[in-house]
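Data first, discussion second: the structure below is written as structure tokens.
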Amino acid sequence: MALTQRDSTTRILLAEKKSPQRHMKTWPLGFGVKLEIVTPFLGKYRPFVGRCCQICTPKSWQSSFHKHLPSLGFHNVLQVTEEDTRVQDVMALKVPQARGAGSVVSKSPAQWRSKVLQILGQIQSPLSLFLLRLCSWALIRLLNCMFLNLLLHKGQLEMVRRAAQTPDVPLVFLSTHKSQLDGLLLPFLLFSQGLGVPRVTWEYQAYTPSLRALLSRLGGVFLPPGAEHTPDSERGTLSRAILTSYIEELLKGRQHLVIFLEEPVSGVSRLSAPGGEWLGAGLGAVRAGAVPDVMLVPVGIAYDVAPNASGGRFQKHPPAVKGTQPFGLWSCLLAVRRALGREFGCVRVDFAQPFSLQEYTANSLFRRSCSQKSLEELLLPVILGKSPDLLDWEKCEEWYPGLGAAAELKADERVLVGRLGLHSLSAGVSCSAVMAVAIMSALLLHKHREGVFLSRLMSDFSWLGEETLLRNRDVGFSGRLRDLGLHALSLLRGCVSLHRLSRRDVLVAPRETEAAVRELSWHSAALLPVFTCEAVGACAINALLVEMLPFLGPAELPAAGVLSQEELSRKALALLQLLPRDVLLLQPCQSVSCYGQDVLDKLIQCGLLVAEEECMLGELRPEDCQPLGVPSPKGSGQPVSPLGPQRAAGQWQRCDTARRRFPRKLLWKEMEDFSDSDSDYDEDAGKRCFKISQLDNCPDFFLFLCGLLGPLLKTFERAAAFLAESGCPERELEYLEKLQRFLVRKAREDGSFECTNRSLAASSVRTFKELGVLREQPGPAGPILHLSETFSTKGNQEQLEKFIGQFTSS
């Protein structure tokens with residue numbers, strides 16, 4: 001059967017005012033099935049997301065926010081007209097001139113003038129009033145043809161306007177990047193709301209000279225090509241000096257700047273190289289005293305379906321590879337023409353609470369932790385079975401991409417820029433609304449991959465929407481359940497097949513093609529930041545179950561086992577240390593041990609874990625902890641671990657608590673507050689025990705949470721398996737290309753095409769370098785990767801693969 005978007009979305013309500021209380025009715029579906037009508041909101045108002053960090057910026061947290069702001073409702077920006085922008089005098093904002101170019105050399109000879117003007121022209125050209133009017137007129141009509149609506153929260157906009165009124169303090173918008181259209185969409189939105197024409201950063205090498213010239217006249221700014229050169233390069237020194245001078249004059253003139261923090265259409269939220277460079281330049285301008293302060297505004301952009309640069313709905317290979325053909329003006333026109341015949345659903349733009357750069361810098365430097373170790377020191381002994389430590393040390397700060405060329409910044413300032421970028425990107429993603437297509441894709445890919453009846457799918461859609469709201473994350477929709485579900489399915493019709501059954505219900509089955517699986521994985525990635533702690537906890541439980549299964553009898557279930565809090569914390573901390581912090585979007589101001597406690601808290605709060613009655617491992621006798629189903633070796637009182645020497649120092653044992661007589665007082669009553677992550681760790685707290693909940697919905701929820709981290713963990717596991725055939729030493733780019741082909745070959749064997757994302761493969765290579773699996777040496781054509789001596793043996797390679805594989809559910 002065919003679904004059309006217009007028919008399925010005519011009655012969708014997108015809550016431009018207060019959201020009503022949750023209500024339930026029945027509505028006869030066309031297939032004869034009665035479904036409940038649910039407005040998926042738990043309270044009278046939507047959750048107001050995007051509060052800045054109270055730890056890093058307590059003064060900003062108290063300002064720019066008032067209790068009435070969450071109730072201001074929504075505004076559909078597509079309803080603006082040319083009259084909304086005609087009254088603004090955009091030409092009054094002059095293009096800043098380079099004033100610091102003479103500092104490149106001790107003298108300023110005449111031959112430098114043309115070079116300085118050339119580099120300044122590469123950064124930006126003067127604004128064109130005619131092009132601004134023409135493009136605004138065309139963009140309004142294009143957006144109305146592509147999207148059903150473009151929503152903006154009025155309360156968030158009011159916060160931004162108040163921040164813009166701060167004397168002598170410009171705004172810098174730090175935005176997520178989900179589509180190539182973002183560079184036009186965000187400045188149009190700000191311009192239409194009376195905030196002027198911001199300067200928008202674009203990547204220089206990704207566009208042809210003709211398109212760069214057009215974007216420059218519309219307010220686009222480009223990182224000059226020489227800025228990424230080595231510090232001792234003459235061209236790099238001159239480019240960075242002019243860029244620094246330009247940013248200082250731009251901010252001094254209180255002109256707003258838009259910086260995109262992540263690579264477009266990469267599928268993974270990571271700080272991009274250009275984003276790091278622009279952040280470094282902005283920090284340098286504030287440190288130089290050009291402006292007293294800068295207000296940073298994280299921005300989250302969410303699409304039902306994000307249009308890509310080729311004009312299609314989904315890009316087969318999302319991240320652009322260096323050396324690919326740049327995007328030109330003709331390509332842009334063809335992409336617009338193709339986009340006019342497609343359906344993209346709804347768009348939501350969210351602004352997080354503005355915060356002070358000066359305040360963040362002062363607090364971040366003050367709280368800098370000194371108890372840090374490299375990932376190789378922390379995790380390698382655990383992988384090889386040489387250390388049972390709890391891994392509660394902090395990893396050394398990672399070398400964030402794009403900061404190598406910031407030669408003017410000191411080492412601590414480069415770290416600060418990396419932390420600021422991660423903090424802002426995390427805030428932007430956290431304030432982004434979760435769209436209907438993302439929820440539907442996550443359900444089809446991670447919960448109902450074998451197919452599901454439409455009535456059950458609608459019920460799960462409502463459940464997952466409410467679970468999202470319970471975690472203080474907003475959704476980008478409201479309305480009747482049937483309309484929302486059919487709206488999402490219509491946009492995913494290339495990824496699903498519908499079958500009418502004799503039971504007068506409809507079977508919805510996701511397609512197993514490469515394009516379908518990749519697109520579903522692309523959309524469902526928006527749910528991982530919502531459930532990060534629960535997903536890490538579920539994978540940690542899975543690792544304990546992997547160790548438990550060989551010790552159980554044939555009639556026993558894993559849920560009958562008792563999980564030690566110490567062992568569970570150990571697994572969770574190991575996983576948190578393994579996975580990159582910027583991929584998980586963990587804020588740099590929180591310690592890994594704090595996140596480990598949050599994992600346990602969230603598992604209890606969501607009902608996956610329940611406290612076991614008075615199960616203190618320290619009080620059990622040795623004979624009470626014999627493994628079941630597996631005999632102990634002669635002469636040894638310890639069971640044989642399925643993971644070999646990795647568990648030698650701390651064997652996991654299933655306790656036969658039936659032999660014990662428990663006191664009447666329950667352990668749960670002794671626990672004061674599981675949510676207090678800052679409470680002191682005492683001896684009894686480490687001996688608390690839990691069981692997996694026996695509620696009917698817990699097994700499905702457990703597998704769903706494991707599935708959210710599945711693509712990342714499977715990619716890491718297969719990257720470990722690739723070590724045996726990597727062919728090192730070789731250049732890093734060639735290594736990554738071979739790894740990508742290996743992942744595609746494995747995916748064609750089992751259909752796991754969600755593990756073929758190039759950005760995930762690049763993350764695994766970076767982690768393996770930090771872990772000491774791969775060694776990097778400079779080469780004439782780029783870094784050369786070598787296998788370390790430790791992992792040149794097959795046994796240690798298998799240990800690494802087994803260590804990562806214990807966290808996956810398949």
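Overview of results
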read-out: Net charge, Pro167 excluded, C-beta distance under 15 Å - Lys, Arg +1, Asp, Glu -1; value: +2
read-out: For Val496, distant residues with modelled amide H under 5 Å away; value: Arg511
read-out: Pairs of Cα atoms farther than 17 Å apart, segment 447-533, %; value: 53 percent
read-out: Counted charge near His66, where neighbours are those whose Cβ lies closer than 15 Å (Asp, Glu -1; Lys, Arg +1); value: +4
read-out: Fewest-first sequence of Glu776, Glu534, Glu203 by Cβ atoms within 10 Å of each Cβ; value: Glu776, Glu203, Glu534
read-out: Estimated vicinal HN-Hα couplings, Hz - segment 350-358 in sequence order (Karplus 6.51, -1.76, 1.60; Gly, Pro = x); value: 10, 10, 7, 5, x, 9, 7, 5, 4
read-out: Spherically averaged projected area in nm², based on the convex hull that wraps the Cα atoms of segment 711-805; value: 5.5 nm²
read-out: Summed side-chain charge close to Met146 - residues other than Met146 whose Cβ falls under 9 Å, Lys, Arg +1, Asp, Glu -1; value: 0
read-out: Sequence ranges 483-495, 575-587, ranked by mean other-Cβ count within 10 angstrom, highest first; value: 483-495, 575-587
read-out: By average C-beta atoms within 10 angstrom, highest first, the peptides 423-429, 211-217; value: 423-429, 211-217
read-out: Cα-Cα over 25 Å, subset of Lys67/Lys154; Lys447/Lys714; Lys571/Lys769; Lys373/Lys687; value: Lys373/Lys687
read-out: Burial ordering of Glu467, Glu277, fewest other beta-carbon atoms within 10 Å first; value: Glu467, Glu277
read-out: Vicinal HN-Hα couplings computed from phi for segment 281-294 (Karplus, 6.51 cos²θ - 1.76 cosθ + 1.60; Hz; Gly/Pro x); value: 5, x, 5, x, 5, 5, 5, 7, x, 5, 9, x, 6, 9
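Read-outs: derived from the displayed coordinates by stated rules, not from any lab. Keep in mind that this is a model prediction, so the values were computed, not measured. Ideal geometry is used to build each Cβ from the backbone, glycine not excepted, and the neighbour counts take in all protein chains shown.
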